[in-house]
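Here's the structure, in structure tokens; my notes come after.
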Amino acid sequence: MVANMRHFVLLILLLVTAVPFYGNDLIPEEQENFHLFLLVGQSNMAGRGEVSEKDLIENPRVLALGKDLKWAPAVDPLHFDKPIAGVGLGKSFGLEIAKARPGITVGLIPCAVGGSPIRSWEPGGYHEQTKTHPWDDMVPRVREALKSGTLKGILWHQGESDSNEENAPLYQGKMLDLVKRFRKEFEAENVPFICGQMGIFEERPWNEYKLQVDKVHQTLPAFLPHTGFVSAKGLGHKGDHVHFNAAAYRTLGQKFAKEYLHLERLASGSRDYHSVSYPPSEKEGELSIGVTHTLWIPNGVKILRGIIVHQHGCGTGACAGGATAAYDLHWQALARKWDCALLGPRYHQMERENCRDWCDPRNGSGAVFVKALEDLAAKSGHPEVAEIPWCLWGHSGGGFWASLLQMEHPEKIAAIWFQSGTAHSRWVSGEIEKPDIPAAAMEIPMVANPGFGERGHKRFKVAYSGCFEMVKDYRSRGGLIAFAPDPLSAHDTRDSRYLAIPFFDAVLAQRLPDTPGTGALKPAGPGVETPLHENYVDLEDPLSPSQEKVANWLPNSEIAAMWAEFVKKGEVGDTTPPPAPTGIEVNEGVVIWDAEADFESGIREFVIRKDGQEIGRVPTAHKKRFGRPLFQAMSYHDTPEAPLPEMIFRDAAISAGEKITVHTVNSVGLESGR
């Protein structure tokens, strides 16, 4: 009898221990180290992908809050809204965040409800299909989660149920109210809110109502700060033309993570960054496309002397690229040298919207630009922002924009770099209204920099010919301009910054007012002339005599020498090492530091050494897409790719206080001193 009882007790113990019991052992002791992410929306957030073995693999640093309000390692399906719940985007999102942030644990709070329209995500809202109250059911789940962690992000994927004649016109108002309500409910004013795009499937083309809802998603960042948008372009469906397949959900989760890390980095950028956003206007003559202007001010500058404006081109990709312009370390080096700010406008143009609605400043973007500077002056505590002069860099549509703004505000502009773009050929042909060209506009030092690969290109040839003809026209008027085609690029920006930054540097030295905070530019110097050729590639020497009646103008002989090297080789050399990193801290398993970019060549990477021996590099590998490899990987648009990298090295073998050195390597391979 006793033996049988012992066997029974042993059996019970085996059964109990065979069932995973996690309790609180996986939850970090510090709430700040338990990063919570709310998953809300309808079925494409809940997930309908087919579950495979890989989706059942646990990671102790990625947890999910179950229906029973207990934490456990996240496995798909995370949601329980309907019996058909499957693989969603949540787990892959969590894995990416955990990988990027080794010191934290991710907590996913699944609350999405398949088929729910946005009105059901209001207090008291009811979803008939599932007999649930999505908002009211979500709130207590989040409250319970917040007892253990800190809310770090809200992920939203929804819209299909509102893509109809009745709901679509109301969607924008409800969307804005929803974001504000989330932030107020959980005291999360600065927590990133990220919208995912509905599925784009060829077999089921979007109707006008789905387009309307999609526009609300895409333009949300123009209306509310700390919000983002994730594209679903190219992702496949599971066969029903509505829900993504499992692979697409995993990719979508990774894209959400990338956007979150980008927003997190921007939000933590410090007091040096200031942003203002303006929604699209429906009034005639006003800007019909939303825009966000982000301004970086060098730390320690009391009175600014000027603003470097880095303006992206046309299209959704260029607009997305513009979001990181103000965070570019190399352009910041130029701004810092001259006590200038760096401004990165980012227009929220959608695929079907006409770029001319913003890239022609006469359509409202010029007025909003000036208004943004006034608002940033107040927001930053630097009233001079509204008065000081500008350097304009513009790519493609950004060059188009700069060439027209030049005619409206010539007295404000210190210099212009036209990167494969100008409106000149369009007004010469009569395609757009020709502006008045004031004499002061010809006193601005300029460079027109197309890519040789555009010459003869079906789509981009006008960028090349337009730049060349503009140079000839302006030089005939006495304008201060040079033609500097890149022999190795097409419409991409490649390595033009290695000439553009020294050019701006030389002009700022000549033209900035002696008194900081004022706007009266000094005239440019006499400059240096070089021969003007339409094609430098086929010349042995770019300084060969030209048949053209006019010549290039450049600010001095040093820039003329760089120009000659660039138009022939597509590069500018550098023989000076970069500055060394500062603020190096060595802690258990991690090294952090700060660094300013090498003025001539930027930063390619960092070398970490222990007792003189190399133990690693940051980054470990480069994504060489456009131009020289850089620490901040360059996009097509001369902007850092998101998410922005961090100056941090992790190695479990490192002990606090060890002798670790960090060295900067610039883009030509020169290393800083010890």
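Give me the number: length gained by fully extending GLU50 to ALA100, i.e. 0.36 nm times residue separation minus the C-alpha to C-alpha distance, one decimal in nm.
Contour length minus Cα-Cα distance gives 15.3 nm.
Show me the ranking of peptides 158-169, 246-257 by mean Cβ neighbours inside 10 Å, starting with the highest.
Values: 158-169: 19.1, 246-257: 22.9.
So the peptides 158-169, 246-257, ranked by packing, come out 246-257, 158-169.
Out of the total accessible area of the chain (probe 1.4 Å, heavy atoms of protein only), what percent is carbon and sulfur?
It is 52 percent, rounded to a whole number.
So how much slack lies between SER465 and LYS302, counting 0.36 nm per residue of separation and subtracting their Cα-Cα distance, in nm?
Length gained, SER465 through LYS302: 54.3 nm.
Rank-order 557-570, 52-65, 595-608 by packing density, defined as the average count of other C-beta atoms within 10 Å over each peptide's residues, highest first.
The most tightly packed comes first, giving 595-608, 557-570, 52-65.
Using label points projected 7 Å from each Cα along Cα→Cβ, tell me how many nm separate ARG625 and ARG143, to one decimal.
4.5
Label points 7 Å out from Cα along the Cβ direction at GLU411 and VAL370: separation in nm?
About 1.1 nm, to one decimal.
Compactness ratio of the range 468-620: Cα Rg over 2.2 N^0.38 Å, N = residue count?
1.38
Given R₀ = 22 Å, FRET efficiency for ALA509-ASP541 by Cβ-Cβ distance, to 0.05?
Result of the calculation: an efficiency of 0.20.
Before I look further, what does the range 168-226 give for accessible area per residue, probe 1.4 Å, in whole square angstrom? All intermediate terms of the calculation are to be shown ahead of the outcome.
Numbers: 2770 Å² over 59 residues.
Result: 47 Å² of accessible area for each residue.
Arrange the peptides 208-214, 324-330 so that the one whose residues have, on average, the most other Cβ atoms within 10 Å appears first.
324-330, 208-214
With r as the distance between the Cβ atoms of PHE80 and ASP473 and R0 = 45 Å, compute the FRET efficiency 1/(1 + (r/R0)^6) and round to 0.05. Display every interim value, and only then the final one.
Details: r = 68 Å, r/R0 = 1.50.
For R0 = 45 Å, the calculated efficiency reads 0.10.
Tell me which cysteines of the chain come out unpaired when the rule is another cysteine's Cβ under 4.7 Å.
So, CYS111, CYS195, CYS319, CYS340, CYS359, CYS391, CYS467.
Using modelled backbone amide H atoms (1.01 Å from N, in-plane), which distant-in-sequence or interchain residues come within less than 5 Å of LEU151's amide H?
Sorted by chain and number, the residues that satisfy this are LEU36.
Using amide H atoms built 1.01 Å from N in the peptide plane, name the residues 5+ places from GLY125, or on other chains, whose amide H lies under 5 Å from its own.
Here the answer is TRP135, ASP136, since their amide H atoms fall under 5 Å of that of GLY125.
Once R0 is set to 41 Å, what does the formula 1/(1 + (r/R0)^6) return for the Cβ-Cβ distance between LYS180 and ALA551, expressed as a FRET efficiency to the nearest 0.05? Each step should come with its number before you reach the end.
Details: r = 58 Å, r/R0 = 1.43.
In this case the efficiency is close to 0.10.
Quick check on my link table: of LYS371/LYS434; LYS180/LYS238; LYS180/LYS283; LYS180/LYS623; LYS472/LYS522; LYS91/LYS180, which ones sit more than 29 Å apart, alpha carbon to alpha carbon?
LYS180/LYS238; LYS180/LYS623
Would you mind giving the average projected area, over all directions, of the Cα convex hull of the chain in nm² with one decimal?
Convex hull of Cα atoms, orientation-averaged projection: 36.1 nm².
Once you sort the root eigenvalues of the Cα gyration tensor of the range 164-262 as a ≥ b ≥ c, which label holds: rounded (a/c under 1.5), prolate (a/b larger than b/c) or oblate (the other case)?
oblate
Starting at the first residue of the range 634-641, write each ³J(HN,Hα) from the Karplus equation 6.51 cos²θ - 1.76 cosθ + 1.60 with θ = phi - 60°, in whole Hz, x for Gly and Pro.
Couplings: 7, 8, 4, 9, 6, 10, x, 6 Hz.
Given the -39500 (n - 2.57) contribution per DSSP H run of 4+ residues, what per-residue ellipticity at 222 nm results for the chain, rounded to the nearest 500 deg cm²/dmol?
Per the formula, -9000 deg cm²/dmol.
The values are calculated or read from the model by the stated rules, or taken from the named source; none is laboratory data. Just so it is clear, the model here is predicted, and its values are computed rather than measured. With ideal geometry, Cβ positions are generated from the backbone for all residues, glycine too; neighbour counts draw on all protein chains shown. Heads up: the accessible areas ignore ligands, DNA and RNA and are worked out on the full protein's heavy atoms, side chains in. Shrake-Rupley method; radii C 1.70, N 1.55, O 1.52, S 1.80 Å.
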